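So the structure is just underneath, and the comments pick up after that.
Bear in mind these aren't lab numbers, they're just calculated from the coordinates by the rules spelled out. Model, not experiment: these values are computed from the prediction. A quick note on method: Cβ atoms are made from the backbone with ideal geometry, for glycine too, and the neighbour counts reach across all protein chains shown.
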């Protein structure tokens, strides 16, 4: 007898045998037992998820001599005929090779005839999405007014290609991919029946590569059985041309420990063994993805990477995978990826470490020079604080010595103006930018404005402008300070040669000639120089 | 529908004008008329179907309308795609019907219907108009509850809403899915959320609306597993990544707007963004603290990169997965 492949030999022959798809099995069983049969079904889902198998089981349930029933006998001539593929009442059509309107017209002619000796004539149209538009339209006519005792089962992997008019005439069932556990369990069952031993890791490797499809999984096992009596991960990896998971783990462990020699040796070994390095990188990506999603625990595998590191590694290996498509020597992009991840400290943890180190150094500096280094400390830590959304803590420590205080304020005058800007006191900043602190008398700061900046001086003297400026100044100095303004040349003060003038005299400055009050007001407001005064 | 009862029990009208987008309701009328035609016990001898088309001649209709019924019953001529029949034939048909009051019953089915046409106006005065409008909102939920009540089952409003989120408002699809749901629950009397999630399919269009928005919301919540789950649902259903990407980008823009709007009102921001409603931005406000500005800017850069790589043939599933992993990291 000719060899029958595993997936055909172990195709489920009853609803009880079906692996997974419980939502579908339960519904169809209830449908058969209650006799509420739809005239058209649409089975959709990825390949190898049981669409054709369940379609045949449904056909058996409908046509079994005891039927319609979910517990069909499997022994009657109808059940046997369906199992053997020679029942006259179950017609399987490959939609991919019978996709034209002529084939569907022929089908329409056939459906008019009653079933021979079964209850229902069942048409299973596989890959139905391959039908042409005209063929779909012809089929729609039949689906709209189906003859009694005819059931259509349409199967497809691409439901989105089915016209809405067809979809709305069918009862749709969505088949799901099998989980790795479901595939492993079924493979174990099949292999135990076949009397073949298998390693758990081998079965997991098969399940991963089957991508949720049972047919593919059994196909791989079939090949492995032809290759060896015992199915080990070594055998599966050789059949698939991929590295077993243990090698991926040891590769990543070596990478984590920065053992470059071992990493490069492994790449070379894989290359020399004829393993597909492109597939190896894809497997690494898949493994890293599992680590990110925590379906695999990194700590259990002695891997020290943080989640951010893993995301970055995913990026590097993905780039490597893309590069591999365009090169003839696939080991080069992989080696470059390894170098990128090990030679340059670009991993997120390494960067974080550096940042922490710098922050600690800055903090130590600040502790060492609390007063004089205030500005530097403040500026240096600004970035960190802003990032943490904190208020800037710029503060100067004033003493009882007015001269020292003046020096401190003069040194930090720009910082004060910046503080005004940060407080959105831009007008005050603009006015004060034209002045210069020239004297401190207890808690009064005297600011000199050049003669031609009378407008700025007059403006800052207004209470609405002066008070906010004083508030920021007091905050900076940690003590209540008032501002008073005078007209004078700041250069004189800078050269420690202040003019003889007391604060109380400032309002009637001696340098100011005796002009008309309105002229003085204009001068204060706009600044400038008097050239001529004309009476009107 | 009362009209179904009328068709079943009352004398047939001379003309039925069945119109509206709801195919399910049209099918119900069609089925009721067909069953009425079979009542006389002469099989389908008194039932004639004609498909409307541009070249349909008046004689094809009038010959059938003038043919005497079998066994003394009433003949029904059902004409599908009435909107395809030429205006001239339609006008002449009206004239003919006026001149022949003893003719058989005519049922005209229209997908598109223009009540302003003279012939249609006159047809409506001669017979019965049966509008088949699409049900929406509460009406649709009530319809589902009534449908299940006939089978001694119940469903809560929120579960019915979840069901409609997946199925849409096509009554044909709804009945198919309800039948499947009824089979699935078997002897249980209440349809639960779990039942709906387990067995109800997403119909095309509904999947995009449902899963895409849930996916971007999961990204905003940085729920990696959930976002990836929706991504796989979308890709399995044949959704193209290049169509998913702009929606992720829109979500990042909404998050950015939520973070940087300052004192601006929500409606002013949505208007400036060209959004049609405040809903999406209001939702984004809830998640704004999940992302720093740097993360959002990096996200935009990543989207541009993914866009380019998709166009250069990268594996769409893998690259979209990685984008989501990065955004949710």
query = With a ≥ b ≥ c the root eigenvalues of the C-alpha gyration tensor of the range A:6-174, is it rounded (a/c under 1.5), prolate (a/b larger than b/c) or oblate?
reply = prolate
ask   = Mind checking the angle between helix B:137-149 and chain B's longest principal axis? C-alpha axes, 0 to 90 degrees, to the nearest 10.
value = 70 degrees
message = Ignoring everything except DSSP H segments at least 4 long, calculate the 222 nm mean residue ellipticity for chain B; use -39,500 (n - 2.57) per segment, divide by total residues, nearest 500.
response = -18000 deg cm²/dmol
query = Once the Cα atoms of helix B:87-99 and of chain B are each reduced to a long axis, what angle between those two axes, in degrees from 0 to 90 to the nearest 10, is obtained?
reply = 40 degrees
task = Report the paramagnetic label zone for residue A:300: residues of the range A:174-195 whose backbone N is under 14 Å from a point 7 Å from Cα along the Cα-to-Cβ axis.
result = A:181
query = Measuring from label point to label point, each 7 Å out along Cα→Cβ, what is the residue A:308 to residue A:522 span in nm?
reply = 6.4 nm
query = Working from the pairwise distances between different alpha carbons, so that the mean of 1/r is found and then inverted, what is chain B's Kirkwood radius in Å?
reply = 24.2 Å
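Given a Förster radius of 60 Å and the C-beta distance between residue A:197 and residue B:250 as r, what FRET efficiency does 1/(1 + (r/R0)^6) yield to the nearest 0.05?
Computed FRET efficiency for residue A:197 and residue B:250 comes out at 0.65.
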message = I need the shape label for the range B:137-199. Rule: rounded when a/c is under 1.5, else prolate if a/b > b/c, else oblate, with a, b, c from the alpha carbon gyration tensor.
response = rounded
note = dims of the range B:1-142, Cα set, principal axes, largest to smallest, nearest Å -> 46, 37, 24
remark   = Rounded to the nearest 5, the percent of antiparallel DSSP beta bridges in chain A equals 15 percent
inquiry  = Nearest 10 degrees is fine. How inclined is helix A:307-324 to the longest principal axis of chain A, computing both from alpha carbons?
reply    = 60 degrees
remark   = Zone reached by a paramagnetic label modelled 7 Å from residue A:148 Cα along Cα→Cβ, restricted to the range B:18-36 with backbone N below 14 Å, covers B:35
remark   = Compactness check, the range A:402-496: C-alpha Rg relative to the 2.2 N^0.38 Å globular estimate gives 0.97
Per-residue [θ]222 nm for chain A (sum of -39500 (n - 2.57) over DSSP H runs n ≥ 4, rounded to 500) = -16000 deg cm²/dmol
task = For an R0 of 60 angstrom, estimate the FRET efficiency from the Cβ-Cβ distance between residue B:134 and residue A:261 and round to the nearest 0.05.
result = 0.30
remark   = Each label sits 7 Å from Cα toward the beta-carbon; between residue A:133 and residue B:114 the label points are separated, in nm, by 2.4 nm
note = For the pair residue B:308 and residue A:249, the simple spin-label estimate (label points 7 Å beyond Cα toward Cβ) gives in nm 3.9 nm
note = A correct Kirkwood calculation over the Cα atoms of the range B:44-93 returns a hydrodynamic radius in Å of 11.5 Å
key: Estimated D of the protein assembly as shown in µm² per second, where Rh is the Kirkwood radius over Cα pairs and Stokes-Einstein applies at 10 °C, 1.306 mPa s   = 45 µm²/s
message = I need the calculated FRET efficiency for the pair residue A:228 and residue B:225, taking r as the beta carbon distance and R₀ as 60 Å, to the nearest 0.05.
response = 0.95
